[in-house]
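Right, one structure below, let's go through it.
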Amino acid sequence: MVGGKEARRAVITGIGAVSPNGVGREAFWRATRAGGSGVRRISAFVEAGLSVQIGGQAAQFNPLDHLEERDAPHVSRVVPLLLAAAAEALQDAGLDPAAMDLEARRGISVLVGSGGGALEFVERQFSLYFSGRDRKCSVYTIPSSTLGTLASEVSMRFGLRGFSHMISTGCTSSTDALGYARQHIQCGTADAVLCGGGDAPLSPLITRAFTLMKILTTSWNQAPERGSRPFSRDRDGFVLGEGSWMFMVEELNHARARGARIYGEIAGYGSTCEAFHRVRLEESAEEPARAMQMALKNAGLEAEQIDYVNLHGTATVLNDRIETRAMKRVFGAAAYRIPMSALKSLIGHPQGACGAAGVAATLLAMRDGQLPPTANLDAPDPECDLDYVPEPGRRCALQHALCNCIGFGSKNSALVLSAIA
């Protein structure tokens, strides 16, 4: 109760997914729970002669299933990724905007998290310009390059008239978007928010730029599915990925009033910035731990009540070591008994969409009582000594779970998800 009134609670009633290891929510989940990888060789990387030739690519996804052919040159690949996942989330929630009147569509807002936004589209436009084909540049180069337009594309596709906002906080973007959706629900500025994240960074120049930072693995071009190796002693960098995971977030009573099926509640959110470095993490793990502690406090839970943690788990030497340290700061001795796993071992790192991917996997794990595995954990690092749920995964009933995210620019964000009785 807050001020004599029942507190407003944010629940998830619909999930949509376009993932490297499966297009559609259930295809994504079947592959994920079975340890199926979506990491593969990327022909454009091979043709460009890049040292990194693999990525988490949604190869089965056809953008033209979600875009008119005449529109495809004018938007980034992330747009159809978002539209597909958003359409599935709405359908899964039992909502059809085309059948709604204007007032009902005014009641649904859009909140999208993306780290790179339309960088891939910008790269295409510059390629045309600098190769003397500037007349082929899109007339929509400016609006389609602007980050905020991604949310507008979703709103326009479904005729949704609530607020339409973008969150871009690096790798924590979609985690923060879900946290902000919850806050809007709590304070009464929204009853329903179509929310999640998408990123499409698999282009030659973006990949080359990541390579300059020496944070991508170059060791597994001939065995792509083995390339993403969180917490394994022989890990040497992450695998870039793409995808989109979207959710219908509603106020609990709003969802119940229309008889919606509920996957779970966004019970807590926390976020910090350690203000340390553009890329590196500070060794103490104090601020990543504090973000998780804030999320737990926000949810009204003790650390020992968490049944599972979905890890950021990038497979860089630094990130995995420090995230393990953060878990020990948060959970103490319980860190050794709480199962944890890293989705990026199966899909690569979809940048700002990774938090939403982890939330989708965790909610489906909660639904089915099945923990997804951490793949490629062949030789555990002695400094990474927790229970990372190696293949083939594990049966486990979940009441409360924590989803952790760590981003460039010293950002840390975490969500607590809880089952609704």
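Only the coordinates and a few stated rules stand behind these numbers; no lab work does. For clarity, every value in this text was computed on a predicted model and none was experimentally measured. Positions of Cβ are generated from backbone atoms using ideal geometry, with glycine treated the same way; all protein chains shown enter the neighbour counts.
Tabulate in residue order the Karplus-calculated ³J(HN,Hα) for the stretch 257-262, using 6.51 cos²θ - 1.76 cosθ + 1.60 with θ = phi - 60°, rounded to whole Hz; enter x for Gly and Pro.
Result, rounded to whole Hz: 4, 9, x, 6, 6, 10.
Among DSSP beta bridges lying fully in the stretch 268-418, give the percent that are antiparallel, nearest 5.
Taking every DSSP beta bridge with both residues in the stretch 268-418, the antiparallel ones total about 75 percent.
Highest first, please rank the peptides 293-304, 322-333, 410-421 by the mean number of other Cβ atoms sitting within 10 Å of their residues.
My ranking of the peptides, most packed first, is 410-421, 322-333, 293-304.
At R0 = 30 Å, how high is the FRET efficiency between TYR129 and GLN60 if r is their beta carbon distance? Nearest 0.05 is fine.
It comes to 0.40.
Can you work out the FRET efficiency for the pair GLN91 and ALA257, with r the C-beta to C-beta distance and R0 = 25 Å, to the nearest 0.05?
Step by step, r from the Cβ atoms, then E = 0.80.
Given 0.36 nm per residue, what is the gain on full extension from GLU47 to ALA27 after removing their alpha carbon distance, in nm?
Result: 4.2 nm gained on full extension.
Which order do peptides 69-79, 163-173 fall in by mean Cβ count within 10 Å, highest first?
Ranked by mean Cβ neighbours within 10 Å, highest first: 163-173, 69-79.
Once amide H atoms are placed 1.01 Å from N in the peptide plane, what residues at a sequence separation of 5 or more from TYR269, or on another chain, have their amide H within under 5 Å of its amide H?
ASN298, ALA299, VAL416
In percent, what relative contact order does the chain have, based on Cα pairs under 8 Å that are 6 or more apart in sequence? Present the calculation step by step, with values, prior to reporting the outcome.
Working: 1118 pairs, mean separation 98.3, N = 421.
This gives 23 percent for the chain.
Is any helix in the chain, taking whole DSSP H runs, at least 18 angstrom long along its axis by alpha carbon and on average at least -1.0 on the Kyte-Doolittle scale, and which ones?
Numbers: long enough: 78-92 (21 Å, 1.37); 173-187 (21 Å, -0.52); 286-299 (20 Å, -0.66); 317-331 (22 Å, -0.36); 354-368 (21 Å, 1.05).
Helix filter hits for the chain: 78-92, 173-187, 286-299, 317-331, 354-368.
Helix-derived [θ] at 222 nm for the chain: sum -39500 (n - 2.57) over DSSP H runs of at least 4, divide by residue count, nearest 500?
The helix contribution divided over the chain gives -9500 deg cm²/dmol.
If Lys and Arg each add +1 and Asp and Glu each add -1, what is the summed charge of the other residues whose beta carbon sits under 14 Å from the beta carbon of ALA58?
-2
Under 20 Å from a label point 7 Å along Cα→Cβ of ASP378: give me every residue in the stretch 40-59 with its amide N that close.
Within reach of a label on ASP378: 40-42, 52-56.
Would you check the chain for Lys pairs whose C-alpha atoms are within less than 30 Å, ignoring same-chain pairs closer than 8 in sequence, and give me the count?
Pairs that pass both the separation and distance tests number 10.
Ranked from highest to lowest mean number of other Cβ atoms within 10 Å per residue, what is the order of the peptides 368-374, 400-406?
400-406, 368-374
Project the alpha carbons of the stretch 268-418 onto their principal axes and report the range along each, largest first, in whole Å.
Its Cα atoms span 39, 37, 30 Å along the three principal axes.
Could you check the spin-label model distance between HIS277 and MET213? Points 7 Å from the Cα along Cα→Cβ, value in nm.
So the label points at HIS277 and MET213 sit 1.2 nm apart.
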